[in-house]
Amino acid sequence: MMRLLPASFAQHWRSLTGLGDSELIPQARLSGPTPWVIAIMVALTVIAAAAGLSFSNTARSASDELAGGVTVQVIEANAELRARQAEAAAQRLRRTPGVEEAHVVSGDEVERLIEPWLGARVAGDDAIPVPALVDARLSGTVDAEVLGALRRSVREVAPSARVDAQSSWLRPVFGAIESLQWLSLALVGLLAFAMSAAVLLAVRTALGTNRDTIEIVHLLGGTDVQIARIFQRSIGFEAVGGGALGLGVGTVVVLFLGRRFADLGAGLVSSGALGWLDWILLALIPVAGVGLAMLTARITVLRTLRKML
C-alpha cells in the first residue's frame, strides 16, 4: 500500500470534499477534447432541431391555409365555352351554402403560374389550351362528402369542370415534410447518443488515469457518490463551455440558412420561419446537453467504481 504523508491526506480530502483548490481531475477548462466534442454535438443538434421545427411550421401553415380551399379546373378546348363554364361554376359555388367566396382566376395569373414550367411564350400561345381556374374558399374543412357534393353541383352547369381540394395537391409534399420531420428527430436522438458516448469514454479515461487517487480517497472514507459528484462537476463545467460555443455556432448557421431560403421568396419556404417559441426551444438544447452529460458522468462513475473497487 502506498505510504502517504499527512499533507497528502489533507490534499486528497480537499479534492474529495471540494473545500480546496486542488481537483481530482487536474485538467484545465476547455483544454481537452470533451468540450469541443460537446460543442460540435450541440451545434449539429441545434441545426437539426431548427430544421425539424421549420418543417413543422411549414406543414402547419400550409395545412391551415389549404384546409378549406377548393379549385375548379375547366378543361375545354373552346376558349369561349371554357370561359362561360368557368363563370357559371363560380356563380354556382357562390350560391352554395358553406362557400365563403369563389372567383375566376384571371388569365394573366394563370400564365404566371404555369410560366416556370412552360415558359412565357408557350403560356401565351393560343394553340395550347390552358384550363380556366376557379378558386373557392369554404368555411369548414373539405372532406370526401363535401367534395363529392360540390362536384355534382358544379358539373350541372360546367360539364368540363374538375373539382379538387387544394390540400390533395400537396399531399405528397406533406408526406415528404413529415418524413423530414422524423429524420430531424432521429438526428437529434443520434446526436444525443453520440454525446453521451463521448462523455462516457472521457469519464472512463479519467477514472483509469486517477485510479490510485480514487483508491486513496476510498481509504480516507470517501464514498462512490462523493467521487461521482466530483466527476459530475468537472464534466458539467466542460459541458457548459462546449454547449455555449455550440449554441453560438448553430445559431449563426441557422440564421445564415434562414436568410438564404428567405431570398427564394417561395410561400412554403417563408411559412417555415422560426418563431420566438422555436428559438426558446433551441436555446434549451445546451441546457439539456449539460444535464445529459452530467447524468452520464454520474452513472458511468458509479457503475465503474462498483467494478473497480
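The values are calculated or read from the model by the stated rules, or taken from the named source; none is laboratory data. As the structure is a computational prediction, the values presented were derived from the model and not from experiment. Using ideal geometry, Cβ is built from the backbone for each residue, glycine included, and neighbour counts are taken over all protein chains shown.
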Residues satisfying the stated conditions in region 69-80, i.e. outside any strand (DSSP E or B) and touching a residue at least 40 places away in the same chain (Cβ under 8 Å): Ile75, Glu76, Ala77, Ala79
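The rows are residues; the columns are (1) in the same structural domain as Glu101 (by TED's automatic domain parsing); (2) assigned to a loop (DSSP other than H, G, I, E, B); (3) farther than 26 Å from Val74 by Cα; (4) among the β-branched types (Val, Ile, Thr).
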{"residue": "Ala158", "(1), (2), (3), (4)": "no, yes, no, no"}
{"residue": "Leu180", "(1), (2), (3), (4)": "no, no, yes, no"}
{"residue": "Leu190", "(1), (2), (3), (4)": "no, no, yes, no"}
{"residue": "Ala194", "(1), (2), (3), (4)": "no, no, yes, no"}
{"residue": "Leu207", "(1), (2), (3), (4)": "no, no, yes, no"}
{"residue": "His218", "(1), (2), (3), (4)": "no, no, yes, no"}
{"residue": "Gly222", "(1), (2), (3), (4)": "no, yes, yes, no"}
{"residue": "Leu247", "(1), (2), (3), (4)": "no, no, yes, no"}
Lone qualifier among Pro129, Pro116 - being modelled with pLDDT under 75, farther than 29 Å from Ala59 by Cα and not basic (Lys, Arg): Pro129
Selection status of Glu87, farther than 23 Å from Leu281 by Cα, free of Cβ contacts under 8 Å to residues at least 24 places away in the same chain and of a type outside the set (S, T, N, Q): yes
The listed residue being over 30 Å from Ile177 (Cβ atoms), modelled with pLDDT of 75 or more, of a type in the set (Ser, Thr, Tyr) and part of a loop (DSSP other than H, G, I, E, B), out of Thr96, Thr34: Thr96
Subset tally (residues that are over 18 Å from Thr304 (Cβ atoms), in contact with a Phe, Trp or Tyr (Cβ under 8 Å, 6 or more places away or on another chain) and crowded, with 17+ Cβ neighbours inside 10 Å) for region 192-244: 1
Test: residue in region 68-87 that is under 30 Å from Leu274 (Cβ atoms), surrounded by 21 or more Cβ atoms within 10 Å (Cβ to Cβ), at pLDDT 85 or above and in contact with a Leu (Cβ under 8 Å, 6 or more places away or on another chain): no
